Amino acid sequence: MPPPNIGYALKDSSGHVVAQLELAWPLKKIGVAISENDLDAARKVGWQAWSMLDALERL
C-alpha cells in the first residue's frame with residue numbers, strides 16, 4: 001500500500017470539510033482518526049475508517 005496522506009481534510013460532495021483524518025488513503029477511501037466524531041462522519045460518506053487504537057492493533 002502506498003504511504004498515507006497525513007492530516008487529511010475529508011470533504012463531502014459540496015466541498016465542506018466533514019472529518020479530519022490523521023492518516024488517509026483517499027484512492028481507497030481508508031482513514032484513521034482520533035476523534036469519534038471524525039470516524040462517524042467519514043463512515044457516513046462511505047469511507048472505511050478506524051480509530052487510532054484499532055489501527056495500531058492491526059499492525
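The values are calculated or read from the model by the stated rules, or taken from the named source; none is laboratory data. Quantities reported herein were computed from a predicted structural model and do not represent experimental measurements. Cβ coordinates were reconstructed from backbone atoms using ideal geometry, including for glycine residues, and neighbour counts include every protein chain displayed. Quick note on the areas: whole protein, heavy atoms, side chains included, nothing else; ligands and nucleic acids left out. Shrake-Rupley method; radii C 1.70, N 1.55, O 1.52, S 1.80 Å.
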Return yes or no: is K11 surrounded by fewer than 14 Cβ atoms within 10 Å (Cβ to Cβ), under 16 Å from R58 (Cβ atoms), of a type in the set (K, R) and out of contact with any Lys or Arg (no Cβ under 8 Å at 6 or more places or on another chain)? no
Residues of segment 42-59 being touching a Leu at 6+ places or on another chain (Cβ under 9 Å) and over 18 Å from I6 (Cα atoms), in sequence order, are V45
Restricting segment 30-44 to residues that are of a type outside the set (A, V, I, L, M, F, W, C) and within 15 Å of A55 (Cβ to Cβ), the residue that is least open to solvent (accessible area, probe 1.4 Å): G31
